[in-house]
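Taking it in order: structure first as structure tokens, then the write-up.
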Amino acid sequence: MYTLDYEQDTLAFSTAKDEKIRRAKFAMDLYAVADKYQITRMIPPAAEDFRTVFGYTTDADSLEAIIRAHYDIHTQCGHAIGELIASTLFEKHHSFRQSDEFPPLLRSIPGFASDVALFAHQKGMFKRGYY
């Protein structure tokens, strides 16, 4: 049974590449079940688990795999996990956003591109003088 009783940072740092992808997918699935069946006490821990694992994932291939896993299921923008992906990318993954892999990823997943653009807009990044 999933109890959510563990040290987030330890697990995020100690897991291998494939394990991080698996853990991120598990957190996404857990969030989806909690949301569908309105298990409100499970939603914040599942979201935090996802944010922790995604935030500590450093290689571009794993980041892309996690992003694709979410948007293969939720093609539209505005889902809570999609918003977490966008915010975490801006908070923790500057080098990934500036990499050559990022623009093609945005082009290939419209929901992801929309979530990123909406997050940037909410943070005032499109306002005059931000540059």
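The values are calculated or read from the model by the stated rules, or taken from the named source; none is laboratory data. All values reported here derive from a predicted model rather than from experimental measurement. Note that we place each Cβ from the backbone using ideal geometry, even for glycine, and neighbour counts take in every protein chain shown.
I'd like the full set of residues that are in contact (Cβ under 8 Å) with a residue 12 or more places away in the chain and more than 16 Å from Phe54 (Cβ to Cβ), limited to the stretch 102-112.
Narrowing the stretch 102-112 to residues in contact (Cβ under 8 Å) with a residue 12 or more places away in the chain: 105, 109-112.
Result: Pro110, Gly111.
Just to check your reading of the model, which residue among Ala80, Ala117 is touching a residue at least 24 places away in the same chain (Cβ under 8 Å) and among the small types (Gly, Ala, Ser)? Let's see the steps before the verdict.
On the way: Ala117 fails: touching a residue at least 24 places away in the same chain (Cβ under 8 Å).
After ruling out the rest, the residue left standing is Ala80.
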>> Regarding the stretch 117-130, can at least one residue be identified that is among the hydrophobic types (A, V, I, L, M, F, W, C) and closer than 25 Å to Lys17 by Cα?
In response: no
>> With the requirement that a residue be surrounded by fewer than 20 Cβ atoms within 10 Å (Cβ to Cβ), touching a helix residue (DSSP H, G or I) at 6+ places or on another chain (Cβ under 8 Å) and not hydroxyl-bearing (Ser, Thr, Tyr), what does the stretch 27-40 give you?
In response: Ala32, Ala34, Asp35, Ile39
> With respect to His93, is the statement that it is at pLDDT below 95, within 19 Å of Ala120 (Cα to Cα), surrounded by 14 or more Cβ atoms within 10 Å (Cβ to Cβ) and not β-branched (Val, Ile, Thr) true?
Replying inline: no
> So which residues in the stretch 57-81 are closer than 24 Å to His121 by Cβ and part of a loop (DSSP other than H, G, I, E, B)?
Replying inline: His74, Thr75, Gln76, Cys77, Gly78, His79
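If we keep just the residues of the stretch 82-131 that are assigned to a helix (DSSP H, G or I) and of a type in the set (S, T, N, Q), which is nearest to Ala60 (Cα to Cα)? Walk me through how you get there before you give the answer.
The first filter runs over the stretch 82-131 and keeps only residues assigned to a helix (DSSP H, G or I), leaving 82-92, 94-97, 102-108, 110-122.
Checking which are of a type in the set (S, T, N, Q) leaves us with 87-88, 95, 108, 114, 122.
Numbers: Ser87: 17, Thr88: 14, Ser95: 9, Ser108: 16, Ser114: 20, Gln122: 25 Å.
Applying the filter and picking the extreme gives Ser95.
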>> Which residue is surrounded by the fewest Cβ atoms within 10 Å (Cβ to Cβ), if the candidates are limited to the stretch 44-62 and must be under 15 Å from Phe26 (Cα atoms) and among the aliphatic types (A, V, I, L, M)?
In response: Ala47
> Among the residues of the stretch 105-112, is there at least one that is under 14 Å from the mean Cα position of the chain (by Cα) and either at pLDDT below 95 or of a type in the set (Gly, Ala, Ser) (or both)?
Replying inline: yes
